[in-house]
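A.B. asks: Let me begin by handing over the structure; questions about it come next.
The values are calculated or read from the model by the stated rules, or taken from the named source; none is laboratory data. What you see is a predicted model, and the numbers here were worked out from it, not measured in a lab. Backbone-built Cβ (ideal geometry, glycine too); neighbour counts: all protein chains shown. Surface accessibility is based on the protein's heavy atoms, side chains included, excluding ligands, DNA and RNA. Shrake-Rupley method; radii C 1.70, N 1.55, O 1.52, S 1.80 Å.
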Amino acid sequence: MNSTPPTDSLEQGSVKFELSHVSKFFGATCVLNDFTASFQESRIYALLGLSGSGKSTILRLMMRLLEPSGGQLLFRGQSLQSMDVLQLRRAIGYVLQGGGLFPHLSARDNIAIVARYLKWPPAKIRDRIDELAELMSIPHELLDRFPHALSGGQAQRMSLMRALMLDPDVLLLDEPFGALDPITRHDLQQELRPLFTRLGKLVIVVTHDLNEASILSDEAILLHQGTVVQRGTLEAFRTSPATEFVERFVEAQQAIPGGR
Ligand SMILES: Nc1ncnc2c1ncn2[C@@H]1O[C@H](COP(=O)(O)OP(=O)(O)OP(=O)(O)O)[C@@H](O)[C@H]1O
Ligand SMILES: [Mg+2]
């Protein structure tokens with residue numbers, strides 16, 4: 001498969017997010033230009049591109065932390081603009097680039113922050129955190145530490161727990177393993193892939209790393225000059241690159257394992 005055409009129909013119930021001809025300018029600078037992509041439920045996508053290519057901007061638009069300059073974003077067939085922004089954000093777990101834990105709160109308080117805001121009873125919060133700690137293999141004593149006293153890998157797991165707290169339908173992960181050593185990174189990738197599959201969520205992982213994309217995702221989307229240059233399996237990126245840029249992007253990285 002060389003590239004998958006974007007879904008033009010909203011009748012497919014399984015399409016969760018649909019971005020059509022989205023553009024984003026910061027002042028006179030165009031970051032996204034006619035970006036079109038659809039994302040289906042229970043599928044894991046890698047969003048790839050060079051530094052500064054607009055990957056984080058796409059996730060921020062999906063969370064409505066930014067507004068598009070043009071085009072349309074739909075969530076479950078509904079325009080993002082017409083949705084209640086808090087309702088949208090509660091349906092999405094978001095791990096910011098760098099983790100984004102609040103340094104003045106313990107890990108437990110970081111994880112619980114939105115549930116407390118929503119006035120969940122303390123017992124429900126405690127039970128959910130216990131459940132997530134088990135899922136993420138986090139020993140309980142770490143939950144009462146502050147972020148500065150956690151390793152990068154532990155802090156990443158806490159960020160993921162925070163994103164999973166409300167059991168969202170969608171997970172947006174912005175370079176979730178960026179700061180980790182290669183072995184911790186590899187171990188976490190290997191652990192998370194089956195977890196994501198088991199949870200059955202739509203997951204979008206931003207990364208520059210083809211190896212990470214091949215471990216974690218079902219499908220990759222490569223962004224260049226504000227638009228999608230290729231979408232499909234990583235094997236297709238390698239065997240039939242859509243443009244010279246795709247070829248260079250693949251060549252610039254070490255050999256990648258055979259795509260799925
Ligand atoms: N609020 C902003 N105001 C002005 N320019 C911005 C703003 N946010 C992002 N940009 C610019 O938009 C471009 C895309 O940024 P973005 O953070 O989406 O890139 P990225 O693909 O996530 O990069 P990286 O891989 O380095 O994280 C960059 O040139 C960045 O400087
Ligand atoms: Mg980024």
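A.B. asks: Report, to two decimal places, the Cα Rg of the chain normalised by 2.2 N^0.38 Å (N = number of residues).
C.D. replies: Ratio of Cα Rg to 2.2 N^0.38 Å: 1.00.
A.B. asks: Leaving out ligands and nucleic acids, note down the accessible area per residue over the chain with a 1.4 angstrom probe, in whole Å².
C.D. replies: Normalised by residue count, the accessible surface of the chain is 46 Å².
A.B. asks: At 222 nm, what value in deg cm²/dmol follows for the chain if DSSP H runs of at least 4 each add -39500 (n - 2.57) and the sum is divided by all its residues, to the nearest 500?
C.D. replies: -10500 deg cm²/dmol
A.B. asks: Per the Kirkwood treatment, what hydrodynamic radius in Å, one decimal, follows for the stretch 123-177 from the mean inverse distance over all distinct Cα pairs?
C.D. replies: 11.8 Å
A.B. asks: Roll a 1.4 angstrom probe over the protein heavy atoms and tell me the percent of accessible area of the chain that is carbon or sulfur.
C.D. replies: Heavy-atom surface of the chain belonging to carbon and sulfur, 1.4 Å probe: 51 percent.
A.B. asks: May I pose another question? Give the cross-link partners of Lys16 among the aspartates and glutamates, using a straight C-alpha distance below 20 Å as the criterion and excluding same-chain residues fewer than 8 apart.
C.D. replies: Hits, sequence-local ones excluded: Asp8, Asp34, Glu41, Glu67, Asp84, Asp167, Asp169, Asp174, Asp218, Glu219.
A.B. asks: A further question on this structure: Using θ = phi - 60° and the Karplus relation 6.51 cos²θ - 1.76 cosθ + 1.60, list the HN-Hα couplings for the stretch 146-159 in order, rounded to whole Hz, with x at every Gly or Pro.
C.D. replies: 8, x, 5, 9, 10, 6, x, x, 5, 5, 4, 5, 5, 4
A.B. asks: Counting other Cβ atoms within 10 Å, which trypsin sites (Lys or Arg not before Pro) in the stretch 96-158 have at most 14 and lie in a DSSP loop?
C.D. replies: Answer in residue order: Lys119.
A.B. asks: On to the next question. Is the stretch 161-225 best put as rounded, prolate or oblate by its Cα gyration tensor, with a ≥ b ≥ c the root eigenvalues, rounded for a/c under 1.5, and otherwise prolate when a/b is larger than b/c, oblate when not?
C.D. replies: oblate
A.B. asks: Would you mind counting up the charge near His208? Only other residues with Cβ under 12 Å from its Cβ, with Lys and Arg at +1 and Asp and Glu at -1.
C.D. replies: Net of charged neighbours comes to -3.
A.B. asks: Can I ask one more? Starting at the first residue of the stretch 136-142, write each ³J(HN,Hα) from the Karplus equation 6.51 cos²θ - 1.76 cosθ + 1.60 with θ = phi - 60°, in whole Hz, x for Gly and Pro.
C.D. replies: These are the phi-based 3J(HN,Hα) values: 9, 6, 9, x, 4, 5, 6 Hz.
A.B. asks: Which whole-number percent is the relative contact order of the chain (Cα, under 8 Å, 6+ apart)?
C.D. replies: 28 percent
A.B. asks: While we're looking at this one, here's another question. Quick one: give the max-minus-min coordinate of the C-alpha atoms of the stretch 1-141 along each principal axis, largest first, in Å.
C.D. replies: 47, 36, 34
A.B. asks: Kirkwood hydrodynamic radius, the stretch 152-260, all distinct C-alpha pairs: what's the number in Å?
C.D. replies: Kirkwood hydrodynamic radius for the stretch 152-260: 14.8 Å.
A.B. asks: How much net charge surrounds Leu192 when only other residues with a Cβ under 12 Å from its Cβ are counted (Lys, Arg +1; Asp, Glu -1)?
C.D. replies: +2
A.B. asks: By how many nm would the segment from Thr239 to Ser42 grow when fully extended, if each residue of separation counts as 0.36 nm and the alpha-carbon distance is taken off?
C.D. replies: Value of the extension gain: 68.3 nm.
A.B. asks: Please report the base-10 log of the normalised intensity I(q)/I(0) for the stretch 71-224, using a Debye sum with one equal scatterer per alpha carbon and no solvent, at each q in 0.17 (1/Å).
C.D. replies: -1.05
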